[in-house]
Protein chains: 2
Amino acid sequence: MGHNYNLKGIIMSDPQTKRATLHDVAALAGVSYQTVSRVINNQPYVAEKTRAKVLQAIRQLDYRPNQAAQALATGRSYILQLLMFDIRYSDPFPAMLYWARKMGYTLAISEISPAASKKEVGDFLEDLATRMVDGLIIYTPFPPFSYQEMQQLCRGVPFVLVGAEPGVKAPSVVFDQRHGCRLAVQHLLDLGHRQIAEITGPLAHIDARLRHETLVAILQAQGLTPGPSVEGDFEVPSGYRGAKKLLENGKPFTALFVANDRMALGALCALHEQGLKVPEDVSVIGFDDMGEAAYFTPPLTTVRQDLNALAQQCIEYLVSMIKNPDTPVQQRNLYPELIVRKSTAPVARSRTR
Amino acid sequence: MGHNYNLKGIIMSDPQTKRATLHDVAALAGVSYQTVSRVINNQPYVAEKTRAKVLQAIRQLDYRPNQAAQALATGRSYILQLLMFDIRYSDPFPAMLYWARKMGYTLAISEISPAASKKEVGDFLEDLATRMVDGLIIYTPFPPFSYQEMQQLCRGVPFVLVGAEPGVKAPSVVFDQRHGCRLAVQHLLDLGHRQIAEITGPLAHIDARLRHETLVAILQAQGLTPGPSVEGDFEVPSGYRGAKKLLENGKPFTALFVANDRMALGALCALHEQGLKVPEDVSVIGFDDMGEAAYFTPPLTTVRQDLNALAQQCIEYLVSMIKNPDTPVQQRNLYPELIVRKSTAPVARSRTR
DNA sequence: GATTCAATTGTGATGGGTCACAACTTAACT
DNA sequence: AGTTAAGTTGTGACCCATCACAATTGAATC
């Protein structure tokens, strides 16, 4: 026959056989390639009879449009890029993936060192542009650049910031840290705690800083002196070390506010080691509500951030920007929620450490 | 001037300005586009002087090759796809990402339901082929297909299986589950435990099944009767429920073998709730050595699987298959390692539960 | 029956590169 | 000086789609 497209539908396993193209389909269906293009893109102005013929040919040849070619021709790739400045905070991966796929996009993920220079980040974003990435989700709790600069570096590729400064004039989705923090502190105050120690996250991290500042502000507004405080890095071991340091320090506290659940785990471990009981001797409260938190010893009282909602908001916002460049720039807020478990209890009157 | 490429190096912020192309660079450097192509691909046969001129022009125009166009022309995309049949086992993400990038590839991640029909998976893989994905990492502990079928579905796109059946004749990287399991059981036996209960993973999961079978086999070889056993699903709550069930069951045991750390956390929680002390009353051993395990209450004795090594092996193997199709098909084994912490102790002679 | 308009289909150019091959230099060798 | 080979550069076709526009068809309107 000269052509071999008719074999493909049958000899599927032959790795030599090249994929069918638009032209192969057109030839088989006896129409022009443009008509085939219309069919696969669901465009109007194709007669029902023709459409059927083409679909039949497509099925017969097991044809699938080449997405690289489509990307080249249209400038759209249907790829979203998730850019993280620190892979350790990888919690939202699965949810992002889910929502990206749901909206018809593939998610590519990459990390860049938080210490990267402005130029390095610029180069990186440049590379993305050449991949024809449709949109970016930038998870940047350590804001290296202003919105202006970001805008410039992204070269017109729509992006959404996650965990950005509250009030920033950029497309972003954030959890209201102050709100979450207020819930936590109020909970401790309600239980009668007046001496509240703290293990903060890395203070260069926006969320960590906000949590810390809010805690201090609330306590001061109540006329209380903030308890001893140490800085952690959001990882488990730093929570362990932090708690130990606080205990050695000697300053008394009846409650411990830990800036995330991971560190809270480390803190619980240190507390147990020192023979202290939670919550009898010390109340501990975390932040995030990671899946494991409900099974800590004791189950952790914490502030939940709904990562699924975060991912959904991000992807939906991003996709709407992709589809309509006039989508208004805004910051979308999500509100954390207090989850009371067993690691907090009323302050013991008999003894205050 | 008629052309506008010379503006780009200067007015970087103009989003209207289109990217420079090969031809723009060629025009500016006064050479043919082919020569520019040679330069960006580091091919030989370009005079030093010419190369310098071209590089200068590239810099001036801030030119970057369009990767979609490259993919179309070469059939290579420099994208690797990580395909998971269950996103919950998302632990190796970060390491995979790291190694993919290190080898010059972007990593795209997608999930497909473990319940997906053969046809659905086929369609999915078909789509990947149209994306010109260079290689696949298929994380498929529930093997839906034979190697033959996989091969066929992937249509010549190289792939590496993770967590496949041991001994399978397919490119794969696996942890030697039997070895890891032996370490764990031997450890318990050495401590004097003879009544070993078990919380398994989902038995449809290859690794879970292997761990279970190995445990049973070793105990029987020792002339011991395997203790009570319940099936979990690798998630924390199922460990909690599992441990409760074992306790209610009434059959005595001095040690508890849990098929992964997450479930072990749940089990610890249940044990504490019942007033049992670990390791005094019951020894608990996990599997995986997730980052948090060292800070459980008590710190968990477990079998470490080095996810970083896994990712490295996968990506390196995959890339070598991409670069050389004659790379021999093999199964690469990684060996888990026993990490002794505080959740296991010699069996208490005074009382056996 | 001539005109108009919408529906349908096809053509040529374009997106931004790569590949195979041809052509031209230049230096080295007989 | 004539031949050879290597180094260097350029040309045309191709990868596989889309887009803008032109051409054709058919039915409806006047």
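What are the label-to-label distances in nm, one decimal and shortest first, from B:A217 to the same spot in the other copies, with labels 7 Å along Cα to Cβ?
6.2
So what are the radius of gyration and Dmax for the Cα set of chain A, in Å?
Here Rg and the maximum Cα pair distance are 27.2, 95 Å.
If you filter the range B:44-79 for chymotrypsin sites (Phe, Trp or Tyr not before Pro), then keep DSSP loop positions with at most 15 other Cβ within 10 Å, what is left?
Within the range B:44-79, the qualifying chymotrypsin sites (Phe, Trp or Tyr not before Pro) (loop, at most 15 other Cβ atoms within 10 Å) are B:Y45.
Can you work out D for the range B:30-140 in µm² s⁻¹ from Stokes-Einstein, where Rh is the Kirkwood radius over C-alpha pairs, the temperature is 20 °C and the viscosity is 1.002 mPa s?
128 µm²/s
Beyond 22 Å, what percent of the Cα pairs of the range A:76-227 remain?
So the pairs more than 22 Å apart make up 49 percent of the total in the range A:76-227.
Using the 2.2 N^0.38 Å rule of thumb for compact globular proteins, work out how the range A:248-308 stacks up: its C-alpha Rg over that value, please.
That ratio works out to 1.11.
What does the range A:19-67 give for Rg and for Dmax, in Å, if only its C-alpha atoms count?
Looking at the range A:19-67, its Cα Rg and Dmax stand at 9.4, 27 Å.
Between the label point of B:K169 and that of the same position in each other copy, find the distances and list them shortest first in nm, with every label point placed 7 Å from Cα along the Cα-to-C-beta direction.
When each copy's label point is compared with this one, the spacings are 6.7 nm.
Taking every residue in B:127-133, how many Cβ atoms of other protein chains lie within 10 Å of its Cβ, on average?
Other-chain Cβ atoms within 10 Å of each residue's Cβ, averaged: 5.
Would you mind giving the mean number of other chain beta-carbons within 10 Å of the Cβ of each residue in A:293-302, as a whole number?
Taking the mean over all residues of the peptide, I get 5.
Would you mind computing Rg(Cα) / (2.2 N^0.38 Å) for the range B:188-239, counting N as its residues?
1.17
Over the alpha-carbon set of the range B:123-211, work out the extent along each principal axis and list the three values in angstrom, largest first.
58, 19, 19
Full-extension gain between A:K245 and A:K118, please, as 0.36 nm times their residue separation minus the C-alpha to C-alpha distance.
Answer, rounded to one decimal: 42.1 nm.
How large is the dipole of the protein assembly as shown about the Cα centre if only Lys and Arg carry +1 and Asp and Glu carry -1, each at its Cβ, rounded to the nearest 20 debye?
Magnitude of the dipole: close to 720 debye.
Can you list, largest first and rounded to whole Å, the semi-axes you get for the range A:149-261 by taking the square root of 5 times each eigenvalue of its Cα gyration tensor?
Semi-axes, largest first: 32, 17, 10 Å.
Over the range B:189-334, consider all pairs of different Cα atoms and compute the Kirkwood hydrodynamic radius from their mean reciprocal separation; express it in Å, one decimal.
One over the average 1/r among Cα pairs gives 16.4 Å for the range B:189-334.
With N set to the residue count of the range B:75-122, report its C-alpha Rg divided by 2.2 N^0.38 Å to two decimal places.
Here the Cα radius of gyration is 1.30 times the empirical estimate.
Can you pull a Stokes-Einstein diffusion coefficient for the range B:290-347 at 4 °C (1.567 mPa s), Rh from Kirkwood over Cα pairs, as a whole number of µm²/s?
The diffusion coefficient I find is 93 µm²/s.
Name the residues whose placed amide hydrogens come within less than 5 Å of the amide hydrogen of B:D288, ignoring near sequence neighbours (fewer than 5 apart) on the same chain.
B:V303, B:R304, B:Q305
Among B:323-333, A:149-159, what's the highest-first ranking by average C-beta atoms within 10 angstrom per residue?
The most tightly packed comes first, giving A:149-159, B:323-333.
Sequence gap at least 6, Cα distance under 8 Å: using those rules, report the relative contact order of chain A to the nearest whole percent.
15 percent
Quick check: pseudo-label points 7 Å beyond the Cα along Cα→Cβ at B:E337 and A:Y335, how many nm apart are they?
Label at B:E337, label at A:Y335, 4.9 nm between them.
Between beta-carbons, use under 15 Å as the cut-off and find the net charge around B:R332, counting Lys and Arg +1, Asp and Glu -1.
Taking every other residue near B:R332 into account, the sum is -3.
Obtain the nm distance between the two label points defined at B:S320 and B:E149 by a simple spin-label model: each point lies 7 Å from its Cα along the Cα-to-C-beta direction.
So the two model labels end up 2.9 nm from each other.
Between copies, how close do the B:K245 label points come, placed 7 Å along Cα→Cβ, listed in nm from shortest?
Relative to the other copies, B:K245 has label-point distances of 4.4 nm.
Nearest 20 debye, what's the magnitude of the dipole of chain B about its Cα centre given +1 on Lys and Arg Cβ and -1 on Asp and Glu Cβ?
Magnitude of the dipole: close to 740 debye.
Which residue fluctuates the most in chain B, going by a Gaussian network model with Cα springs under 10 Å, if the choices are B:S32, B:S283, B:S113?
Among B:S32, B:S283, B:S113, the largest mean-square fluctuation in the Gaussian network model of chain B belongs to B:S32.
The protein assembly as shown: Rg/Rh from Cα coordinates, Kirkwood Rh?
In the protein assembly as shown, Rg relative to Rh is 1.02.
Could you list which residues have their amide H under 5 Å from that of B:E231, counting only those 5 or more apart in sequence or on another chain, with H placed in the peptide plane?
B:T200
Coordinate-derived values only; no laboratory data. This one's a predicted model, so the numbers in the text were calculated from it and none came from an experiment. Every residue, glycine as well, gets a Cβ built from its backbone with ideal geometry; the counts of neighbours run over all protein chains shown.
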